[in-house]
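What follows is one structure encoded as structure tokens, with my remarks underneath.
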Amino acid sequence: MLRHMNTTGTDECADGNPLGRVTLESTLTCPVCGHLKTEIMPADACVWFYACEACHTVLRPKPGDCCVFCSYGSVPCPPVQAGAGCRG
Ligand SMILES: [Zn+2]
């Protein structure tokens, strides 16, 4: 009687990257002209200045926010998403 052997392959689906569920794309909305621009955020840094490509206004974080993505983006910055906050 033949028996099927168990497979020895491992499941490679496991996600070991702690930033794997963090969204790095955020769409910035210019508060001056309303221009939308999707940017890729750095995973481990905060962006303090961002110049709108349409009206060239330099955006800075609102009081209490750590970066322009937290103030004007559709998605907060990666450190905030990860729950670690930003050390500025
Ligand atoms: Zn603008």
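Brief remarks follow.
- Scaled radius of gyration (Cα, divided by 2.2 N^0.38 Å) that the stretch 25-81 gives: 1.00
- Taking amide H as placed 1.01 Å from N in the peptide plane, Y50 has its amide H under 5 Å from the amide H of L59, each at least 5 places away in sequence or on another chain.
- 10 Å beta-carbon shell around V68, net charge (K/R +1, D/E -1): 0
Read-outs: derived from the displayed coordinates by stated rules, not from any lab. None of the values given here were measured: they were computed from a predicted structure. When we count neighbours, we look across all protein chains shown, and the Cβ atoms used for this are built from the backbone with ideal geometry, even at glycine.
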